[in-house]
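The values are calculated or read from the model by the stated rules, or taken from the named source; none is laboratory data. Worth saying up front: this structure is predicted, and the values here are computed from it rather than measured. Because the Cβ atoms are built from the backbone with ideal geometry, glycine has one as well, and the counts that use them run over all protein chains shown. We work out accessible area using only protein heavy atoms, side chains counted, and drop any ligands, DNA or RNA first. Shrake-Rupley method; radii C 1.70, N 1.55, O 1.52, S 1.80 Å.
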Amino acid sequence: MAANDLAVVILAAGKGTRLKSSVAKVLHRAGGRSLVEHVVTACAPLKSRKIIAVIGHQAEQVSAIIAPREVESVVQQPQRGTGHAMQVARRAVGKAKIALVLPGDAPLIRTETLRSMIAAHRAANAAVTILTAVVSDPSGYGRILRKSESSVQAIVEESQLTDEQRDINEINSSIYCFTLEKLWPALAQVKPNNKHRELYLTDAVTVLASKNETVLAHVAADPREVLGCNTRADLAEVDSIFRERKRVELMNEGVSIQLPETVLIDPDVTVGEDTVLEPCVQLLGKTKIGQRCSIRTGSVLSDMILGDDVLVEPHCVAMQSRLDDNAIIGPFARLRPGTHLKNGARAGNFVEMKKATIGEGAKVPHLTYLGDAQVGPKTNVGAGTITCNYDGFGKHVTTIGRGVFIGSDTTLVAPLRIGDGAYIAAGSTITENVPPDGLGVARGRQVNKPRWASRKRRELAAAEHSSKSLRPRKKSKDRKRKSRRR
């Protein structure tokens, strides 16, 4: 059979009752993606004719997530079991000869494992190949009953196991390769003889085995790959495995990670050689970090782009922004979407920026808010400076030129333009443009009153003395006793 005779069918219609959630099972997240996205990602490199998802609960939301990944959705309504799901997908499968069938909640499965399983199926010209795993604790899973060393007699669900069968530790992953010309007749013979009145693919496997068709078991090298997500504990375990995989991948590529178990990294993150990630760092989304960067303790970067030799001091939060080579932020800096620090620029402690571009070598050292701002190279923005970018109706831009000095505690009321080389006096509220090399001053005139403080202290002391003299005096104990004798 040709490689393009393969169709992939992802079963993603279930609700996931044991998760105790209003969210469909496959929409739950682990390792930085929804469960179904992980499964699609594993299947995409197989170069199949198409990938089909059978959806049901919250169908619109599931379809919206997988549609950009070129996955065709078919709706199973009502949901009457995995066998019924395959019947629903039959038209979409079309002229494919082989179907790879996976549950949408098996996110740890690897492409290489699926590729190996498909190759084994083709080589044996099997009717069905089952991906299995050997585990120390098989509870909760169906067991594989082997007819011989190479063939399977049946899959027995846990509720139907005999006492002897409970000791079997080879489990069914619910991942199958079917030769479709064998599957469709077998599935037609399956009856809903169970308490849920549903059609199961496992019963189709039993039908094929009873007809002496070739039913193979392909054992996964890493049993963790077949873990499903039926409970919140399962989700946590799967997430932990994903995070471990990503950390190991980056460390193998030359990234230093301190206390790795505390560092959380999403699957699409890339990090360059000799970058150091300190404890409790989170790298989320599609963050890209260059070489020789240092991301210090407690910082959270989401969809960020960092050049080389960037320093992120402790406890910074930054998203959807860009830091060019040699930029420095923090500690405790916050970069909101659309911010760009150019080569060697700095945003210091307790600085917040939004849609701000900071020129090469410019400094915003501390305690400042810059929103909708353009800051030129070599400019210094003093502590406590803010751009008033919102007037209650719309956002306005502040443009600050090259080599400008902004004094501390300055308020810049946008729209506003500060020319190259200009100075702004500390404590000013600037509402008009400042020309190049000019000085902008906008504050009340200072008045000094000699000896005012000493006079004020004397007045306060006199008032306090007068207040005490007017208070009624308390009688002494002796005077009280004499008054009683009288």
Report the full-extension gain for the segment ARG115 to ARG91: residue separation times 0.36 nm, less the Cα-Cα distance, to one decimal in nm. 6.2 nm
Counting other Cβ atoms within 10 Å of each Cβ, which GluC sites (Glu not before Pro) in segment 93-184 have at most 10 and sit in a DSSP loop? GLU149, GLU164
Round to the nearest 0.05 the FRET efficiency obtained for VAL75 and ASN194 when R0 = 22 Å and r is the Cβ-Cβ distance. 0.40
What number comes out for the charge environment of ASP372, summing +1 per Lys or Arg and -1 per Asp or Glu over other residues with Cβ under 14 Å away? +3
Which one of LEU183, VAL219, ALA318 is farthest out on the positive end of the charge dipole of the chain, using unit charges on Cβ (Lys, Arg +1; Asp, Glu -1) and the Cα centre as origin? ALA318
Out of all Cα-Cα pairs in segment 202-345, roughly what percent, to the nearest whole number, are more than 24 Å apart? 43
Taking the alpha-carbon distance from LYS456 and a cut-off under 18 Å, which aspartates and glutamates remain once sequence neighbours fewer than 8 residues away in the same chain are dropped? GLU464
How large is the Rg to Rh ratio of segment 111-203 when both quantities use alpha carbon positions and Rh follows Kirkwood? 0.97
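If I compute solvent accessible area with a 1.4 Å probe over the protein chains, what percent of it on the chain is carbon and sulfur?
In the chain, the share of accessible area belonging to carbon and sulfur is 49 percent.
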Cleavage-rule hits, GluC sites (Glu not before Pro), segment 1-78, DSSP coil, Cβ neighbours within 10 Å at most 12: GLU70
Pairs beyond 27 Å (Cα-Cα), from LYS25/LYS195; LYS50/LYS147; LYS50/LYS195: LYS50/LYS147; LYS50/LYS195
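If you filter segment 220-286 for GluC sites (Glu not before Pro), then keep DSSP loop positions with at most 16 other Cβ within 10 Å, what is left?
Taking segment 220-286 and a limit of 16 other Cβ atoms within 10 Å, the loop GluC sites (Glu not before Pro) found are GLU253, GLU273.
Ignoring ligands, DNA and RNA, what accessible area per residue does the chain give at 1.4 Å, in Å²? If you can, show how the numbers build up before the last one.
On the way: 24880 Å² over 486 residues.
Here the per-residue accessible area is 51 Å².
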Net charge near GLU225: determine it from the other residues with C-beta under 12 Å of the C-beta of GLU225, scoring Lys and Arg +1 and Asp and Glu -1. +1
Per the rule of 0.36 nm per residue minus the C-alpha distance, extending LEU161 to GLN61 adds in nm 32.3 nm
Note down the net charge around LYS50, summing +1 for each Lys or Arg and -1 for each Asp or Glu among other residues with Cβ under 15 Å from its Cβ. +4
Anchor LYS191: aspartates and glutamates whose Cα lies under 17 Å away (excluding residues fewer than 8 positions away in-chain): GLU157, ASP203
Can you pull the one-decimal nm distance between simple spin-label points at GLU432 and SER466, each 7 Å off the Cα toward Cβ? 4.7
Could you compute Rg(Cα) / (2.2 N^0.38 Å) for the chain, with N its residue count? 1.51
If you fit an axis through the alpha-carbon atoms of helix 452-469 and take the longest principal axis of the Cα set of the chain, what angle between them do you get, 0 to 90°, nearest 10? 90
In debye to the nearest 20, how big a dipole does the chain give about its Cα centre with +1 on each Lys and Arg Cβ and -1 on each Asp and Glu Cβ? 5140
For LYS354, list the lysines whose Cα falls under 24 Å from its own Cα; do not include residues on the same chain fewer than 8 positions away. LYS286, LYS288, LYS342, LYS363, LYS378, LYS395
To the nearest 10 Å², what's TRP452's accessible area with a 1.4 Å probe? 130
